[in-house]
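Scroll down for the structure; my scribbles are underneath it.
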């Protein structure tokens, strides 16, 4: 059975925090090329790696990873602001 594609926000989160692929890779215990594969969605992370990445960024795993295309973060923030009003 072919696995599902996993979408993610790794590149956006990494760029917002000005973290290099190498620094993220070292922090979560993978090769820097693995971070590139994940960002391009060429590779699905293991469950353990997904949790390590979510813990590193301090967000729930479902905020960073999804089986459906993710909305841009600006859209997510706008929706949240509307709910908070």
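Any read-out appearing in this document is the output of simple, stated calculations on the displayed coordinates, not a laboratory observation. Keep in mind that this is a model prediction, so the values were computed, not measured. FYI the Cβ positions are ideal-geometry reconstructions off the backbone, even for glycines, and counts take in every protein chain you see.
Within segment 25-43, the residues that satisfy the criterion of being under 11 Å from the mean Cα position of the chain (by Cα) and either farther than 18 Å from residue 67 by Cβ or surrounded by 17 or more Cβ atoms within 10 Å (Cβ to Cβ) (or both) are 35, 38, 39. For segment 1-24, a residue qualifies if it is surrounded by fewer than 18 Cβ atoms within 10 Å (Cβ to Cβ) and part of a helix (DSSP H, G or I), and the qualifying residues are 11, 12, 15, 16, 22, 23.
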